[in-house]
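Structure, as structure tokens:
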Amino acid sequence: MIGGSVLVGYEPDRRGADALALAATVVSGTGGDLTVASVRPPAWPVPGPGKVDAEWEAYLDSQAQAALDGAAKILDGWGLSAEYLVTANRGSGRGLAHLVGKARADLIVIGSAPGGPRHGIALGSTADQLLHGSPVPVMLAPKGYAQRPPEVFDRISVAYLRRPGCEQAVDLAARIAVRRNTLLRLLTVAVGHKAKGKAVQLVEEQARRVVERYRSDLALAAKETEDGGILTTDRITTEVVQGPDAQSAIGLAEWSPGELLVLASSTAGPLRKVFMGDMSLKILRAVPCPAVVLPRTAR
Amino acid sequence: MSMTAALFRTKSVDQIVAEGGKGEGGELKRSMSLLQLTLFSVGATLGTGIFVVLGEAVPLAGPAVVLSFILAAVTALFSALSYAELAGTIPVSGSSYSYAYATLGELIAWVCGWCLLLEYAVSVSAVAVGWGQYLNEFFDKTLGFTMPAAIANSPGTAGGVVNVPAVAVVMIATYLLLNGTSESATANTIMVFTKIGILIFFCVVAATAFDSGNLTPFAPMGWAGISAAGSKVFFSYIGFDAASTAGEEAKNPKRDLPLAILISLGIVTLVYVAVGLTAVGAMPWQQFDINGSEASLAKVLDVATGMSWPSAVLSFGAVVAIASVVLTVLYGQTRILFAMSRDGLVPPIFQKVNPRTSVPVANTLIVSAFVSILAALIPLGRLVDATSIGTLFAFALVNVGVIVLRRSRPDMPRSFRTPLYPITPILGVGFCVYLMVGLGAVTWTVFALWTLGGLVCYFLYGRRHSRLAQSPSGTREQVS
């Protein structure tokens with residue numbers, strides 16, 4: 001069960017605090033184990049003239065240790081205990097992915113990258129590396145999550161499109177909803193262009209048809225989820241939000257304070273780089289709640 | 001604390017060991033076999049010194065330069081064993097500076113660090129200059145043009161004003177280092193094979209023009225010339241300490257480390273001797289010009305074959321290989337200054353790291369600016385000669401350090417003990433001093449001036465800012 005053992009990527013800043021708070025929310029529901037990890041840059045991997053970077057390495061280790069001590073203080077304050085690991089890797093995301101086995105983790109939790117808008121989820125290099133190579137689902141905290149963490153997740157949403165790969169996300173979301181005893185919402189974002197003059201009617205007609213199709217897809221998915229024996233229909237809601245772009249559509253949807261979004265990564269991308277749907281990325285950037293992404297590389 | 005006591009205060013070895021290596025990066029697996037250790041060491045040692053050093057060494061020793069290579073190899077062997085012992089005793093320290101600090105005291109450590117500045121920053125400037133000349137050689141042979149002398153040479157040589165290629169290669173290396181790039185194991189393997197391939201290529205081509213008449217007289221300058229050239233070519237063995245520092249990873253350090261050091265130095269010496277022998281066999285030693293181009297191997301191929309493509313191939317290999325050396329040596333210099341800054345001996349700006357990449361940015365920029373200016377504007381001449389003394393001095397100190405630590409801390413656990421103690425470290429010091437003595441009076445004067453400058457810096461800054469000075473017990477305070 002996801003959340004049985006959670007690996008948190010920690011840095012002594014806003015990101016780290018957000019990730020810790022989110023991980024705490026996760027294990028509050030599952031009673032799972034926590035592992036907090038700090039990834040530091042490695043020393044020169046090949047011999048140069050002498051092992052000149054020993055002191056630099058020792059320094060990085062002590063910095064990482066100090067960061068983890070800070071994390072331990074925060075978790076102690078919440079009455080949580082955890083294991084602490086330092087690893088050396090050139091990429092923080094790859095470093096975390098390597099630790100999954102050691103920590104026997106089934107979920108990696110990280111914060112949002114710095115920069116960009118003040119809210120929502122920002123994907124940085126750590127997230128990027130994880131989404132391309134993590135063997136387990138990756139959970140991302142929106143910025144400032146630590147300032148207003150909910151007690152529990154009170155609804156699980158899944159960004160739904162009738163595409164291969166999405167059933168996995170629905171399945172995961174449904175399991176979490178059952179486990180947490182919450183509602184499951186299948187959410188589809190429909191984006192239409194703004195039109196002017198005569199075209200308006202045409203575009204509106206088109207949009208209506210798209211939304212109709214999404215509705216029936218959603219109904220079908222909801223029924224499948226019910227048939228899968230996971231949830232009953234009264235626990236599943238469906239919603240189509242429509243807007244000129246993903247951001248405004250997401251803004252029109254209603255979000256509960258303890259919402260958790262589940263997203264699949266597209267399986268159809270011809271290149272590894274573009275594996276994640278353009279729409280998924282746009283949704284991620286706009287959502288006010290934490291999100292779990294199923295990387296294509298997830299087991 | 002009295003003045004003398006302050007000058008010879010040492011870092012407590014126990015505390016150094018206790019401070020380091022808590023993270024996963026610090027726990028190394030004992031996984032390296034003898035073969036791996038040997039290859040590791042050959043890869044680190046077989047450097048680019050050989051590409052630039054013959055032009056300086058052959059005029060000193062004549063064809064007997066091959067004996068100079070053997071002399072330098074023996075010197076390196078003893079020092080490598082001492083390195084291995086210190087690396088196994090104080091694994092969290094890296095350079096000869098740190099070893100000197102733990103064993104011989106602050107003043108000598110400072111002088112050692114100051115000498116490392118010669119070994120790294122000054123010698124990398126010289127190597128960068130050599131890079132420019134091989135690049136020019138390559139352009140000349142393939143595209144038929146050379147860069148104008150004004151931008152291709154340093155002032156004072158052949159009408160140079162600013163050495164642009166030297167600055168360019170330093171800038172590229174700086175850019176990579178600032179991005180947290182480290183040479184990957186794969187890149188290193190490719191580089192090692194490139195270097196070996198190019199050197200074999202050189203030997204084969206030069207051998208076709210071998211004329212045994214070129215070998216007589218064999219040692220026109222006698223032993224004095226051989227030892228003087230030996231100290232010059234010692235520079236091309238730098239990196240031999242790499243296997244020593246891998247002692248923590250060796251499966252069986254007691255047996256494999258000395259063997260790996262011996263075998264790898266044997267292999268490297270064999271390659272160097274082959275290169276030296278075919279070079280002097282192909283081109284009369286009088287034609288190696290001490291003030292001329294540093295691209296001496298390319299020149300030999302020109303003379304030997306009368307064709308342009310062999311030297312083009314060689315130049316290309318040299319350009320690639322020297323660039324990677326510039327990167328590693330710059331890296332080494334920044335990390336040594338980082339360690340010195342953490343000890344308070346150089347200003348704290350050298351230990352400021354970028355929070356995202358953990359790269360000491362200011363440190364890297366200062367070092368590369370320093371190296372660029374040296375390479376671009378200063379006729380290095382004698383200062384480069386002084387690097388030989390500085391390097392040999394630093395290695396002599398490592399040998400002394402072994403003896404000191406055996407006497408002061410016989411109880412310390414040592415993963416490797418140098419065989420035949422105390423003969424090996426004493427011979428190590430002896431050979432280093434012998435090579436140092438072989439260098440000319442002018443070089444000694446330059447070295448003395450350099451050291452004097454270092455001492456002035458120490459007494460004006462380092463002595464008062466030393467972290468040991470601030471913790472009265474004489475041991476390093478805990479890093480916060």
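Things to note:
- Selection status of residue A:53, more than 14 Å from every other protein chain (Cβ to nearest Cβ) and either at positive phi or without any contact (Cβ under 8 Å) to a residue 12 or more places away in the chain (or both): no
- From the options A:32, A:77, A:16, residue that is of a type in the set (Gly, Ala, Ser), more than 7 Å from chain B (Cβ to nearest Cβ) and buried (at least 23 other Cβ atoms within 10 Å of the Cβ): A:16
- Residue within the stretch B:231-250 that is basic (Lys, Arg) and surrounded by fewer than 17 Cβ atoms within 10 Å (Cβ to Cβ) present: no
- Going through (1) within 14 Å of chain B (Cβ to nearest Cβ); (2) part of a strand (DSSP E or B); (3) under 19 Å from the mean Cα position of the chain (by Cα) one by one, residue A:39 falls short only on (3).
- With respect to the conditions (1) touching a helix residue (DSSP H, G or I) at 6+ places or on another chain (Cβ under 6 Å); (2) closer than 22 Å to residue A:25 by Cα, residue A:177 lacks only one, and its number is (1).
- Filtering the stretch B:351-395 to residues that are touching a residue at least 60 places away in the same chain (Cβ under 8 Å) and more than 21 Å from residue B:326 (Cβ to Cβ) leaves B:358, B:382, B:389, B:392, B:393, B:395.
- Scanning the stretch B:72-94 for residues that are among the polar types (S, T, N, Q) and more than 8 Å from chain A (Cβ to nearest Cβ) returns B:75, B:79, B:82, B:89.
- Failed condition for residue B:303, given (1) touching a Pro at 6+ places or on another chain (Cβ under 8 Å); (2) outside any loop (DSSP other than H, G, I, E, B); (3) modelled with pLDDT under 85; (4) more than 30 Å from residue A:53 (Cα to Cα): (1)
- The single condition among (1) modelled with pLDDT of 90 or more; (2) of a type outside the set (A, V, I, L, M); (3) out of contact with any strand residue (DSSP E or B) (no Cβ under 7 Å at 6 or more places or on another chain) that residue A:5 does not satisfy is (3).
- Top-ranked residue of the stretch A:272-286 - restricted to ones that are more than 16 Å from residue A:188 (Cα to Cα) and surrounded by fewer than 18 Cβ atoms within 10 Å (Cβ to Cβ), ranked as modelled with the lowest pLDDT: A:273
- Residue B:229 vs. criteria within 14 Å of chain A (Cβ to nearest Cβ), in a helix (DSSP H, G or I) and either of a type in the set (Phe, Trp, Tyr) or under 24 Å from the mean Cα position of the chain (by Cα) (or both): no
- Number of positions in the stretch B:329-357 that are in a loop (DSSP other than H, G, I, E, B) and either facing chain A (nearest Cβ under 10 Å) or closer than 16 Å to residue A:40 by Cβ (or both): 6
- 1 or more residues surrounded by fewer than 24 Cβ atoms within 10 Å (Cβ to Cβ) and more than 14 Å from chain A (Cβ to nearest Cβ): qualifying helices (runs of 4 or more DSSP H) within the stretch B:95-200: B:106-117, B:123-142, B:149-152, B:164-178
- Residue in the stretch A:106-124 that is of a type in the set (Ser, Thr, Tyr), more than 15 Å from the chain's Cα centre (by Cα) and buried (at least 18 other Cβ atoms within 10 Å of the Cβ) present: no
- Residue A:127 within 14 Å of chain B (Cβ to nearest Cβ), of a type in the set (A, V, I, L, M), more than 20 Å from residue A:4 (Cβ to Cβ) and touching a residue at least 24 places away in the same chain (Cβ under 8 Å): no
- Per-region count, the stretch A:155-189, residues farther than 20 Å from residue A:22 by Cβ, of a type in the set (Gly, Ala, Ser) and assigned to a helix (DSSP H, G or I): 1
Residues are listed down the side, and each one gets a yes or a no for (1) more than 18 Å from residue B:112 (Cα to Cα); (2) charged (D, E, K, R); (3) touching a residue at least 24 places away in the same chain (Cβ under 8 Å); (4) out of contact with any His (no Cβ under 9 Å at 6 or more places or on another chain):
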residue	(1), (2), (3), (4)
B:416	yes, no, yes, yes
B:421	yes, no, no, yes
B:446	no, no, yes, yes
B:451	no, no, yes, yes
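- Selected residue (criterion: surrounded by the most Cβ atoms within 10 Å (Cβ to Cβ)) from residues of the stretch A:80-99 that are away from chain B (no Cβ under 14 Å) and touching a residue at least 40 places away in the same chain (Cβ under 8 Å): A:82
- So residue B:320, is it within 22 Å of the chain's Cα centre (by Cα), more than 14 Å from chain A (Cβ to nearest Cβ), at pLDDT below 90 and surrounded by fewer than 19 Cβ atoms within 10 Å (Cβ to Cβ): yes
- Annotation note: Cβ proximity below 9 Å between a residue of the stretch B:457-469 that is among the small types (Gly, Ala, Ser) and a residue that is surrounded by fewer than 16 Cβ atoms within 10 Å (Cβ to Cβ) (sequence gap 6+ or interchain) occurs for B:469/B:1.
- Of the set (1) at pLDDT below 90; (2) closer than 30 Å to residue B:334 by Cβ, all apply to residue A:132 but (2).
- Residue satisfying condition, being within 19 Å of the chain's Cα centre (by Cα) and assigned to a strand (DSSP E or B), within set A:27, A:8: A:8
- Any chance residue B:267 is buried (at least 16 other Cβ atoms within 10 Å of the Cβ), within 13 Å of chain A (Cβ to nearest Cβ), within 26 Å of residue B:63 (Cβ to Cβ) and in contact (Cβ under 8 Å) with a residue 40 or more places away in the chain: no
- Condition met for residue A:141 (within 15 Å of residue A:281 (Cα to Cα) and touching a residue at least 24 places away in the same chain (Cβ under 8 Å)): yes
- Selection count, the stretch B:147-177, where residues are within 22 Å of the chain's Cα centre (by Cα) and among the aliphatic types (A, V, I, L, M): 10
- Test: residue B:442 is modelled with pLDDT under 90, touching an Asp or Glu at 6+ places or on another chain (Cβ under 8 Å) and among the aliphatic types (A, V, I, L, M): yes
Table: residues versus (1) in contact with a Leu (Cβ under 9 Å, 6 or more places away or on another chain); (2) of a type in the set (Lys, Arg).
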residue: B:108; (1), (2): yes, no
residue: B:111; (1), (2): yes, no
residue: B:141; (1), (2): no, yes
residue: B:153; (1), (2): no, no
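- Residue in the stretch B:233-251 that is more than 19 Å from residue B:76 (Cα to Cα), part of a helix (DSSP H, G or I), more than 14 Å from chain A (Cβ to nearest Cβ) and of a type outside the set (Val, Ile, Thr) present: no
The values are calculated or read from the model by the stated rules, or taken from the named source; none is laboratory data. Everything numeric here is computed off the predicted structure, so don't read it as measured data. Note: ideal-geometry Cβ built from the backbone for every residue, glycine included; neighbour counts use all protein chains shown.
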